[in-house]
Every structure is written in C-alpha cells, then in structure tokens.
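Colleague: I'd like to ask some things about the structure below.
No lab work stands behind these numbers, since they all come straight from the coordinates. These figures come from a predicted structure and were not determined experimentally. As a convention, Cβ positions derive from the backbone with ideal geometry for all residues, glycine included, and neighbour counts pool all protein chains shown.
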Amino acid sequence: MIQQLGNAGQIFGGSDIPGFYGNPTDDLYVMFYQAGGWYPFMRAHSQSVDTPFLYQDREPWMQTSRVREAIRNAINLRYDLILYIYTTFENAARTAEPLVRPMWHEFPDETRFWNVASQFMFGSGLLVAPKVTKPKGVLEHVHMQQVTYALPLNETWYHFYNKTRVAGTPQGQWVTEALPDLEQAVYVRGGQILPILQHDDCMALLPCLKNNVSLEVYPSETVSASGALYIDDGTSFDYKSSSANYTRVTFYMNAGALRAVVDTGGTYSQPFVNRVIFYGWQSSPKLVTNSLGTSLTFIYVDTTQTLYIQLA
C-alpha cells in the first residue's frame, strides 16, 4: 500500500505500529517496529485500552526486555538515517520521487521485480526486505525470523550491518536467511554516500539536527560515489521564503578524492561533518589530506577494508 501510495504522489504513508487491534506477540512487536522504521510516517498507535482486561497497554517501557531492545534499536536506526530520510523527502517534494520505491522504480529492466512487494528501495540507496513471516518451530524459540529477497544484478551491494560487499542475486534465484532480532535484511547500493547523524544521548530529535555528521561512503565498481544532505530548521516553512533558511549540499567521491558542493543555501548554518568512513576500500593510503594540504588522521582496518578519516 505504501509503495502504491508513493507512486500515486502520496509519499507520506504509514500504518499503526504494531497493529491497531488486538494484543501483539513479541515476534510481531519486533517485526512491526523494524518494518515501521522504514515507513515514511512512523507512528505507534492502537485502539483505546479503556478495557484493560481485553487489551494490553502498548507503551514500549511496559513490554518485555526483548521487545524494548528491538524498539530502541529500530528508533536509533531511524535517527542514524534521519538526515538521509529528510534529504530524500525534500527531493520528493521537488521531483515527486517517493521515499519508499518499488523495486522496478530503480531497476525497471529486471522483470523478476515487476510484481514484487516484499522488498523495496528506500530512496535510491538502500534496499530493504522487511520481516513479514511469523517464525515457527526452532526459529520461534531462538528469536529469529526468516526473510527471502534478491539483490539486483550489475550493482555493487554492501551488507548494512557488517559492511561487506555482496554480489547481485543471479536470475531465477532468491536468498532465504534467518535473521536475529536486531538484524534486518538491509543492503546499501554501491555508489552511495550516506549522511549519518551523531545522536548519542539525544532525548529528542529536533535539538540534535545540527549535531555533527559522519559520512559513510560505499564505492561503486568504478570506485566512485555521491550523496546529498539537505538541512533546514525542521519545524517551520521559512525555507520557502529564502535560501538563507536552508542548505543543500552534494558530495562527490572519485579518483580517491571527496569533495562537497553547496548547491543552494550557502549562508545557512550547517552541521559539521567531522568523520568520513570508506567501506570496501581496497588498501591503506599512505597519506590523507584536506583541500589545504593538511594531513588528516586516519585508520585503515585491513580485515574489513574500512578506512576511517577524522576531519576534526
């Protein structure tokens, strides 16, 4: 439904988490909050609990420790990606490209995805296959859920959690795996630069929107990548009156160099990018410098092919 609403121009869709009626099981809590974290409109909501002998309270702090941990994890992940989400929403307002996109939106030539609704693209850079199957038998006892998905061909993909490169799924094949509570089937499309909000100890989102930002770079096969960051005050419509009330920055990485271009709103106060992380980086550089030629502190982890650069 959310995918089709997006196609029709109504991009701000969601459903009641973890379901409007009844008493959800712990498995449903886990799966619903994780799936809901990818909804454009994420909201926990239910019918009235004025008859408590029939319906349980839904407050997260009243649930089991397993459910509390899953809810906290899902919300933290959304906060991690909130700048990517906000930037994609701003793009949607200008171009009508939805946040949640059917697979054929990004990969129209792959006919196997024409009738697939069990996975979707979140913006252009993230592939999500939510947990939608009730676990049975051993899976239920070990708190794991089974997911089936396929990764499009002719693309580089990165596992969102361990950051390893993954090849596209051959035609005619699908991947089925059992995932623990705190892991989802999420993959980053090669060629993306994701802005990640640093929100440790934030009790609310708005006060933290201008916290420091990390850039996560996922190179394509040509060792290039790009991404964007849009920022305004998050509350008002002031961005409509002047470009001094917002900023839009595009990031480019090519030939081992990363640069930022302020497209509009150059006078707006921007969050500070203080860290860049390159995944799938083949070897350690001898030197890392900024545009002024100043050497920057970096760490390269050979076992994971990850390069960490501290900008300040």
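Colleague: For a footprinting-style exposure proxy, rank D109, D26 by other Cβ within 10 Å, fewest first. Please report the intermediate quantities before stating the final value.
Modeller: Numbers: D109 9, D26 16.
Lowest to highest Cβ neighbour count: D109, D26.
Colleague: Would you mind ranking S269, S65, S15 so that the residue whose beta carbon has the fewest other beta carbons within 10 Å leads the list? Let's see the in-between values first.
Modeller: Working: S269 11, S65 7, S15 17.
Ascending number of Cβ neighbours within 10 Å: S65, S269, S15.
Colleague: Same structure, new question: I'd like the Karplus ³J(HN,Hα) series for region 276-293: coefficients 6.51, -1.76, 1.60, θ = phi - 60°, whole numbers in Hz, and an x wherever there's a Gly or Pro.
Modeller: So the J values, rounded to whole Hz, are 10, 10, 9, 9, x, 7, 6, 8, 6, x, 7, 7, 10, 10, 8, 5, 8, x.
Colleague: OK, next. Helix-derived [θ] at 222 nm for the chain: sum -39500 (n - 2.57) over DSSP H runs of at least 4, divide by residue count, nearest 500? Before the final figure, lay out each step's value.
Modeller: Details: 6 runs with 55 residues, N = 312.
After summing the helix terms and dividing by the residues of the chain, the value is -5000 deg cm²/dmol.
Colleague: Something else about it: Length gain on complete extension for the stretch D109 to L182, per 0.36 nm per residue less the alpha carbon to alpha carbon distance?
Modeller: Values: separation 73, 0.36 × 73 = 26.28 nm, distance 3.29 nm.
Fully extending the segment from D109 to L182 adds 23.0 nm.
Colleague: Can you list which of the chymotrypsin sites (Phe, Trp or Tyr not before Pro) found in region 156-259 are DSSP loop residues with at most 16 other C-beta atoms within 10 Å?
Modeller: Working: sites: W157, Y158, F160, Y161, W174, Y187, Y230, F237, Y239, Y246, F251, Y252; in loops: F160, Y161, W174, F237, Y246.
Those satisfying the criteria are Y161, W174, F237.
Colleague: Against the longest principal axis of the chain, how steep is helix 26-36, in degrees 0 to 90 to the nearest 10, with axes from Cα atoms?
Modeller: 40
Colleague: Same structure again: Quick one: which residues, 5+ away or cross-chain, put their amide H under 5 Å from the amide H of W157? H built at 1.01 Å from N.
Modeller: V166, G190
Colleague: How charged is the neighbourhood of L307? Take every other residue with its Cβ under 14 Å from the Cβ of L307, and add Lys/Arg as +1 and Asp/Glu as -1. The partial results should precede the final answer.
Modeller: Numbers: positive: K163, R275, K286; negative: E216, D302.
Taking every Cβ under 14 Å from that of L307, the sum is +1.
Colleague: Compute the signed sum of charges (Lys and Arg +1, Asp and Glu -1) over the other residues within less than 13 Å, Cβ to Cβ, of Q198.
Modeller: Values: positive: K210, R275; negative: D80, D200, D201, E216.
That works out to -2.
Colleague: If I take the Cα coordinates of region 192-310 and project them onto the principal axes, what are the three extents in Å, biggest first?
Modeller: 46, 31, 28 Å, listed from the longest principal axis down.
Colleague: Which of the three applies to region 142-214, rounded, prolate or oblate, going by the alpha-carbon gyration tensor with a ≥ b ≥ c and a/c under 1.5 meaning rounded?
Modeller: Numbers: a/c = 3.63, a/b = 1.63, b/c = 2.22.
It is oblate, given that a/c is not under 1.5 and a/b is not larger than b/c.
Colleague: Relative to the longest principal axis of the C-alpha atoms of the chain, give the angle of the C-alpha long axis of helix 65-80, reported between 0 and 90° and rounded to the nearest 10°.
Modeller: 30
Colleague: Write down, largest first, the equivalent ellipsoid semi-axes of region 119-275 in whole Å, where each equals the square root of 5 times an eigenvalue of the alpha-carbon gyration tensor.
Modeller: Numbers: eigenvalues 233, 90, 35 Å².
Those come to 34, 21, 13 Å.
Colleague: Take every Cα pair under 8 Å in region 2-189 that's 6+ residues apart, average their separations, divide by the length, and report that relative contact order as a whole percent. Could you put the intermediate results ahead of the total?
Modeller: On the way: 295 pairs, mean separation 34.1, N = 188.
Worked out over region 2-189, it gives 18 percent.
Colleague: For the chain, take the longest principal axis of its alpha carbons; what is the angle in degrees between that and the long axis of helix 82-95, to the nearest 10 within 0 to 90?
Modeller: The answer is roughly 80 degrees.
Colleague: Hey, another quick one. How many angstrom separate the Cα center of region 278-312 from the Cα center of region 119-197?
Modeller: 28
Colleague: Which one, N115, N245, G13, is farthest towards the positive end of the dipole of the chain when Lys and Arg carry +1 and Asp and Glu -1 on their Cβ?
Modeller: N245
Colleague: Show me the three semi-axes of the equivalent ellipsoid for the chain, from the C-alpha gyration tensor (sqrt of 5 times each eigenvalue), largest first, rounded to whole Å. Let's see the in-between values first.
Modeller: Numbers: eigenvalues 218, 121, 82 Å².
That gives 33, 25, 20 Å for the three semi-axes.
Colleague: If you average the sequence gap of Cα pairs under 8 Å that are 6 or more apart and divide by the length of region 174-312, what percent do you get for the contact order?
Modeller: Working: 252 pairs, mean separation 27.2, N = 139.
Across region 174-312, relative contact order equals 20 percent.
Colleague: For region 96-189, what is the relative contact order in percent, using Cα pairs closer than 8 Å and at least 6 residues apart in sequence?
Modeller: Values: 162 pairs, mean separation 24.9, N = 94.
Here the relative contact order equals 26 percent.
Colleague: Hey, which aspartates and glutamates would be in cross-link range of K134, C-alpha to C-alpha under 17 Å, not counting anything within fewer than 8 residues on its own chain?
Modeller: The qualifying aspartates and glutamates are D26, D27, E177, D181, E183.
Colleague: If you don't mind, there's one more thing I want to ask. What chymotrypsin sites (Phe, Trp or Tyr not before Pro) in region 93-141 are in a loop by DSSP, with at most 11 other Cβ atoms within 10 Å of the Cβ? Show your work: numbers first, answer last.
Modeller: Working: sites: W104, F113, W114, F120, F122; in loops: W114.
Listed in order of number, the matching sites are W114.
Colleague: Just want the ordering: M144, M203, M121, from fewest to most Cβ atoms lying within 10 Å of their own Cβ.
Modeller: On the way: M144 18, M203 7, M121 23.
If I rank by nearby Cβ atoms, fewest first, I get M203, M144, M121.
Colleague: Considering only the chain, what is the antiparallel percent among its DSSP beta bridges, to the nearest 5?
Modeller: Working: 51 of 59 bridges.
So the antiparallel bridges amount to about 85 percent of the total.
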